[in-house]
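The values are calculated or read from the model by the stated rules, or taken from the named source; none is laboratory data. None of these values were measured; they are calculated from a predicted model. Ideal geometry is used to build each Cβ from the backbone, glycine not excepted, and the neighbour counts take in all protein chains shown.
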Amino acid sequence: MTNIKDLAKMSGVSVSTVSRVLNNHPYVSAEKKAAVLKAIECTNYNRNINAVHLSRGKTQLMGVVLPVTDTPYFALLLKGIAKRALENDYKLVLFQIDYAEEKEIEALQMLKQKQIDSLIICSRKCELALIQEHIQYGTIVLCEKTTEKSLPSVFIDHYEIFFQALEYLYQKGHKKIGYSVGRKTGSNSSLREQAYRDFLEKYKLPFYSDYIMDDCLYFEDGEKVMQRLRSMDIQPTALIITSDQVAAGIMIECQKEGISIPEQLAVIGFNNEPIAKMMNITTIDIPLVELGGDLFLQAYHGYNSNKQISVKLIERETV
């Protein structure tokens, strides 16, 4: 296999001159450049990209850990990351882990082995202590609020926005409020539950454990939520649904059952997706593409900071 020394010998120039031609550096005479290019063409030379990365100390690869890719939330996050990656000539290595801890550890191992330059964890399964052990090998950016200053993050304050949504419903006259999440475990879900419990404590309202519904990610899960509501002795009059897709599914089920929204059941969605606009769903507007772009820039520049992204409540017709 032809190497850079062979090219130098064939073209009658130094190894450093060949290197400058391969890297498109200036200050190479047209004659020498032509000789090197001819040698490359004759030998069908291909660069050893691993060797190039080793010499530069960078792979131009960034890892992205996602639980799934088929929900609008993570798809839009990834869109923002990918847009910035393209602008900065970076390629992405996706780890779709479905919250399998061993898969997330594989991503951390790739960072340790210098197979990727940095890592974005959009939603984690591993403990923070394990992630902290790997920050010596490259930048790791989390998409969650964390008190660990050594771990950079770009985040939404889910406690703050959840409490705001609960207050909004309370001011509209609702005292029996339930909510759904994708999973009960996880830092964001913990913040939401804390906001929920603090809200109930503030207004001296009873806690019903079945008002907290998990495993709700997709449009069809709206039917599942309504089935759970029917099984309750005391049904909520309002729901906060952390996915506009699920909220839309709930609305369709309510139409089938003749349940009037918002008179009989108020609904707040999350993310302000196109389906929320189309179906006039009151929702929390989260700029996910912007959030994804900021996650990339945080990892790309190696910033050691925690950036909060602002969100807002969009009032429509479901409350």
(request) Collect the residues in segment 145-159 that are free of Cβ contacts under 8 Å to residues at least 24 places away in the same chain and among the charged types (D, E, K, R), keeping them in residue-number order. (result) GLU148
(request) Evaluate the following for ILE259: is it surrounded by fewer than 21 Cβ atoms within 10 Å (Cβ to Cβ), out of contact with any Asp or Glu (no Cβ under 7 Å at 6 or more places or on another chain) and under 15 Å from GLY178 (Cβ atoms)? (result) yes
(request) Could you figure out which of (1) in a loop (DSSP other than H, G, I, E, B); (2) surrounded by 14 or more Cβ atoms within 10 Å (Cβ to Cβ) isn't true of ASN188? (result) (1)
(request) Would you please list the contacts, defined by Cβ atoms under 7 Å and residues six or more apart or on different chains, that run from a residue in segment 308-319 that is in contact (Cβ under 8 Å) with a residue 24 or more places away in the chain and over 12 Å from PRO287 (Cβ atoms) to a residue that is among the small types (Gly, Ala, Ser) and assigned to a strand (DSSP E or B)? (result) THR318/ALA266; VAL319/ALA266
(message) I need the full set of residues from segment 191-222 which are surrounded by 15 or more Cβ atoms within 10 Å (Cβ to Cβ) and assigned to a helix (DSSP H, G or I), in order please.
(response) LEU191, ARG192, GLU193, ALA195, TYR196, PHE199, LEU200, TYR211, ASP221, GLY222
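Does MET278 qualify as being without any contact (Cβ under 8 Å) to a residue 24 or more places away in the chain and not assigned by TED's automatic domain parsing to the domain that holds CYS122?
Yes, satisfied.
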(request) Report the residue count in segment 165-180 for those that are under 21 Å from SER310 (Cα atoms) and either surrounded by fewer than 17 Cβ atoms within 10 Å (Cβ to Cβ) or at pLDDT below 95 (or both). (result) 1
(request) State whether the residues of segment 241-260 include one that is more than 26 Å from SER310 (Cα to Cα), in contact (Cβ under 8 Å) with a residue 40 or more places away in the chain and more than 25 Å from the chain's Cα centre (by Cα). (result) yes
(message) Could you tell me how many of the residues in segment 39-62 are surrounded by 18 or more Cβ atoms within 10 Å (Cβ to Cβ), under 43 Å from the mean Cα position of the chain (by Cα) and at pLDDT below 90?
(response) 3
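Quick grid of which residues meet (1) of a type outside the set (S, T, N, Q); (2) more than 31 Å from the chain's Cα centre (by Cα); (3) part of a helix (DSSP H, G or I):
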position	(1), (2), (3)
LEU37	yes, yes, yes
VAL64	yes, no, no
VAL68	yes, no, no
LYS79	yes, no, yes
ARG84	yes, no, yes
GLN109	no, no, yes
LYS114	yes, no, no
ILE120	yes, no, no
(request) Go over the candidates GLN227, GLN255, GLN264 one by one and state the one that is more than 30 Å from ILE121 (Cα to Cα), out of contact with any strand residue (DSSP E or B) (no Cβ under 7 Å at 6 or more places or on another chain) and in a loop (DSSP other than H, G, I, E, B). (result) GLN264
(request) For residues that are crowded, with 21+ Cβ neighbours inside 10 Å and hydroxyl-bearing (Ser, Thr, Tyr), scanning just segment 91-123, find the one that is nearest to GLY292 (Cα to Cα). (result) SER123
(request) Determine whether VAL13 is surrounded by 12 or more Cβ atoms within 10 Å (Cβ to Cβ) and in contact with a Leu (Cβ under 7 Å, 6 or more places away or on another chain). (result) no
(request) Please name all residue pairs, on different chains or six or more residues apart, with Cβ atoms under 6 Å, provided the first residue is in segment 215-237 and is closer than 12 Å to CYS254 by Cα and the second residue is assigned to a helix (DSSP H, G or I) and among the β-branched types (Val, Ile, Thr). (result) GLY222/VAL246; GLY222/ILE250; VAL225/ILE250
